[in-house]
Amino acid sequence: MSEQFEKKIKDYVILPLFGVLCFMLLWCLICSVTDNLPNPIKMWQKSELFIYEPFAKRGEMDQGILRFTGLSISLVGQGYLVALIFGTPLGFFLGLSKLFTRSFDPIIQILRPVSPLAWYPLGLVLFELSPEPSYFASLFTISVCAMWPTVLNTAVGVRAIPQDYLNVAKVLKLSRSKTLFKVLIPATLPYMFTGFRLSLGIAWLVIVAVEMLKGQPGIGGFLWDAYNAGNYSLVILCILVIGLVGFTLDRLMSLVEGKFKTA
Amino acid sequence: MKPYLEISKLNKIYPTPKGPAVIVKDFDLTIGKGEFITLIGHSGCGKSTVLSIVAGLSDLTTGAVVLAGREVNAAGPDRGVVFQAPCLLPWFTAYQNVMLGVEQVFFTASPEERHQIVEYYLHVVGLGDSMQKYPSELSGGMRQRVGIARAFALSPKMLLLDEPFGMLDSLTRYELQQVLIDLWKKDQKTALMVTHDVDEAIFLSDRIVMMSDGPEAEVGDIVRVPFARPRDRREIMEMPEYYELREYLIEFLNERSHDRPSKMNPRPAFRDPEPIWSKINEIQKITA
C-alpha cells in the first residue's frame, strides 16, 4: 500500500516537478543570453497585478487574467456549440450514406486543412451587414475550424456500428426514429465524444488567432496587445494561461468521454 | 403434415469477378407447425445463410420462403431471432433490451401489460433477479438468456436460432438448451436452428437436416430423431439408438458432406440393421 503510494507520489508529483524545473532552467538560460526575454522572477513581478486581481476591469485591454480568459471561453463555447450542431448531423449523413460521402468527402478534405487565419476574413465579408461583423466572423471561424474532428469521428463511428446492432433493429422492425435514437446514436456516442474533445482543442487554438486578428478583449487579444506594448512578461503569462486552460478543457472532456467509453 | 414454413428451390448466388459464386443451391425444406428442426453442417457450409434468408436479413437470389402462407421478403418481429452473439444493446438493461421489441410488437397493449410480458419472459429464462442489470454485468450465458427471452417475448410465428449456444461452455450450454426446449414446448413454437454440435441437434430436434459442404450447399439428408418428449438427456444418451444416430450424423459430417447429394448413391453404405428413423425418413420423403 505504502509502496504504491510512494510510486504514485513519484509518478505524479516528483517527476512532473522535475520537468517543470528543467523548463525553468532552460528559460533562465535563454534569459542570460538575451535581454529581450524577462526571467521568471521579473515576469512574475510584472504580471502579479493581473493574477492577484483576476477579475478586475481597469480598461478595455487592461483586465484581470481570468476576466480575459472568461471572455475567450465564452466565445469559444458559442463557436464550439455551433460546430457541434452542424458537425454531428453532417457526420451522421457521411456515415450513413455512401452517396453523400462520395459527393461531399472531397470538398470536406479540401476545406479541413484551411487555417483559421484564412477563414476570418471570409467571415468578415460574409457577415459584413450584420450588427457585429467581427463577433460573427469570430464565431464563424471557430465553428468552421472546430467542426471537422466531430464530423469525421462521427462518420467513422456510424460506419463502425456492429452489424449485430443493425440486425437487431431490423429484426425488431424499429421505426426510423427509434433506430436512430435507440441504436445508432448510442452506438456512435463514444466516437462522437472523441470528436467533441478534439474539436474543443481546435476551438481553443483558433480563439487566439481570431482575437489577435481583431484585437478583441480576451486572452489572445491581450497577448497581442502586450506584445505591441513591448510587455513580454504578459505575453508569457498569456501563453501559460492558454496552455493551462486548454489542458483543463481537454481533461474535462476526456472525463466525459470516458463515461461513454465504458458502455 | 401441414407445411408452416416452406423453403423451396432456394438459391443464393454472389456475383464475383471470377463469375457467380453459388453459396446455397436448390435448398428445399418444409417444416410443420410446432416442429423443431436443426440444420447441421460444417462451418461456412451456408447453413447460416439459409437462416438469415429466412430471417429476412439477407436476400435470396432465386426461390421462395413462405411462412404461414405469406412470402418472406424482409426482416420482421414475426420471426424471433436468437443470434450466435447475444446482440444485446449494451446501453440498455436486460429489461430494456427485451422491452424494445415488446413495445414494437405490442404497441396496442397497455404499459402494464407490456411490463408483465417482459417480466414474465425474463423470469422464465431465470433472470428474475437481474432484470435491471446491463449486459456488461451479465455472464455470457445470462446474456444469451436475455437473447432467448427477447425472441420469445415478441410472440413470433417462428424462432430462428443461429448457433445460439456456440460461444458458451458446455455446462451453461446444457442449461440453456433446457431453458430453450421448455419455452419452446410451453409456447408451442416452430423453430429452425443452426448448429454444428451433433448432441445438441439430437437433444433438441424433431428432425435434423444435414447440409453438404459449400459452395453449392444443399440438403444432404434428413433424419428424424426417434426419442419421445420430454427428453431426459441422460436417459436418451443411454439408448442404443442415440449412438447409432450420432454415428450416422458424424459420419455424414466427416465423410459424406463433401459429396454432392445429386451424385451420391441413393442410399449410401449404411450399417445393418438399418435404423428405424431412416425408414421413417424414406416414407416421409415418398409421401412429401
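How shielded is B:50-60 by partner chains, expressed as the average number of their Cβ atoms within 10 Å of its Cβ atoms? Let's see the in-between values first.
Working: counts 0, 0, 1, 0, 0, 3, 3, 5, 1, 0, 0.
The mean count of partner-chain Cβ atoms within 10 Å per residue comes to 1.
Once every Cα of the protein assembly as shown carries one equal point scatterer and solvent is ignored, give the base-10 log of I(q)/I(0) from the Debye formula at q = 0.05, 0.07, 0.10 Å⁻¹, two decimals.
Ignoring solvent entirely, the Cα scatterers give -0.37, -0.62, -0.91.
Evaluate peptide A:154-164: per residue, the Cβ atoms of other protein chains within 10 Å of its Cβ; return the mean as an integer. Write down the numbers at each step before the final one.
On the way: counts 0, 0, 0, 0, 0, 0, 0, 0, 2, 2, 7.
The shielding value for this peptide is 1.
Need one number: the % of Cα-Cα pairs in the range B:79-155 sitting beyond the 22 Å mark.
Working: 352 of 2926 pairs.
Value for the range B:79-155 (Cα pairs over 22 Å): 12 percent.
Between B:T62 and A:K98, what FRET efficiency follows from the Cβ-Cβ distance if R0 is 25 Å, with the result rounded to 0.05? List each step's numbers first, then the result.
Working: r = 27 Å, r/R0 = 1.07.
Working from the Cβ atoms, E equals 0.40.
When Cβ neighbours within 10 Å are restricted to other protein chains, what is their mean count per residue of peptide B:71-80?
Details: counts 0, 0, 0, 2, 7, 4, 5, 1, 1, 2.
Average neighbour count from other chains, rounded to a whole number: 2.
Cβ neighbours within 10 Å, averaged per peptide: list A:186-195, B:116-125 in order, most packed at the top.
Output ranking for A:186-195, B:116-125: A:186-195, B:116-125.
Can you return the lysines within cross-link range of B:K47? Criterion is Cα-Cα under 20 Å, with same-chain partners fewer than 8 residues away left out.
Straight-line reach from B:K47, under 20 Å: B:K9, B:K12, B:K25.
Output ³J(HN,Hα) for the range A:45-50: one whole-Hz value per residue in order, computed from phi by the Karplus curve 6.51 cos²θ - 1.76 cosθ + 1.60 with θ = phi - 60°, and x for Gly and Pro.
For the range A:45-50, the Karplus curve yields 4, 6, 9, 2, 4, 6 Hz.
What's the center-to-center distance, using Cα atoms, between the range B:119-189 and the range B:74-99 in Å?
Computed from Cα coordinates, the inter-centre distance equals 11 Å.
Quick one: if you stick a label point 7 Å off each Cα along the C-beta vector at A:E53 and A:S32, how many nm between them?
According to this spin-label approximation, the distance is 3.7 nm.
Over the range A:49-261, calculate the relative contact order: mean separation of alpha carbon pairs under 8 Å at least 6 apart, over the residue count, as a percent.
Values: 270 pairs, mean separation 50.7, N = 213.
Result for the range A:49-261 is 24 percent.
Can you pull the Rg over Rh of chain B, Cα-only, Kirkwood? Working shown, then result.
Working: Rg = 19.4 Å, Rh = 19.8 Å.
Across chain B, the Cα-based Rg/Rh ratio is 0.98.
Could you give P(r) for the range A:108-263, binned at 5 Å from zero, as whole percent values over all Cα-Cα pairs?
Here the calculated profile for the range A:108-263 is 2, 9, 13, 15, 14, 14, 11, 9, 6, 4, 2, 1, 1, 0.
Full extension from A:K42 to A:F181: what is 0.36 nm times the residue separation minus their Cα-Cα distance, to one decimal in nm?
Working: separation 139, 0.36 × 139 = 50.04 nm, distance 5.66 nm.
That pair, A:K42 and A:F181, stretches by 44.4 nm at full extension.
Of all the stretches in chain B, which is the longest one without any exposed loop site, taking trypsin sites (Lys or Arg not before Pro) in a DSSP loop (any state but H, G, I, E, B) with at most 10 other Cβ atoms within 10 Å?
Numbers: sites that count: B:K18, B:R271.
With a cap of 10 other Cβ atoms within 10 Å, the longest stretch comes to B:19-270.
Based on the Cβ-Cβ distance from A:I9 to B:E238, what FRET efficiency comes out when R0 is 56 Å, to the nearest 0.05?
Working: r = 67 Å, r/R0 = 1.19.
The pair A:I9/B:E238 has a calculated efficiency of 0.25.
What is the Å³ per residue value for the convex hull set by the Cα atoms of the range B:1-115?
Details: hull volume 17.8 nm³, N = 115.
Expressed per residue, the convex hull around the Cα atoms of the range B:1-115 is 155 Å³.
Compute the acute angle (0 to 90°) between the alpha-carbon long axis of helix A:98-111 and the principal axis of greatest extent of the alpha-carbon atoms of chain A; round to the nearest 10°.
On a 0 to 90 degree scale, this one is about 10.
Compute the Cα gyration tensor for chain A, then decide on rounded, prolate or oblate, letting a ≥ b ≥ c be the square roots of its eigenvalues: rounded whenever a/c is under 1.5, prolate when a/b is larger than b/c in the other cases, and oblate in all that remain.
Values: a/c = 2.68, a/b = 1.49, b/c = 1.80.
Since a/c reaches 1.5 but b/c is at least a/b, the shape of chain A is classed as oblate.
Which whole number of Å³ per residue matches the convex hull of the alpha-carbon atoms in the range B:134-192? Before the final figure, lay out the partial values.
Values: hull volume 4.7 nm³, N = 59.
Convex hull volume per residue, Cα atoms: 79 Å³.
Sum up the charges of everything whose Cβ sits under 10 Å from the Cβ of B:L60, counting Lys and Arg as +1 and Asp and Glu as -1, but leave B:L60 out. Walk me through the numbers on the way to the answer.
Values: positive: B:K9, B:K12; negative: B:D59.
My count for the surroundings of B:L60 gives +1.
At a 10 angstrom cut-off on C-beta neighbours, averaged per residue, how do the peptides A:11-19, A:230-238 rank from highest to lowest? Walk me through the numbers on the way to the answer.
Values: A:11-19: 10.2, A:230-238: 19.1.
In descending order of packing, they fall as A:230-238, A:11-19.
Which order do B:S136, B:S155 fall in if you start with the one that has the fewest other Cβ atoms within 10 Å?
By the 10 Å Cβ count, ascending: B:S136, B:S155.
FYI, it's all coordinate maths here, none of it is from the lab. Just so it is clear, the structure is predicted and the values come from calculations on it, not from any experiment. In this analysis, Cβ positions are derived from the backbone assuming ideal geometry, glycine residues included, and neighbour counts consider all displayed protein chains.
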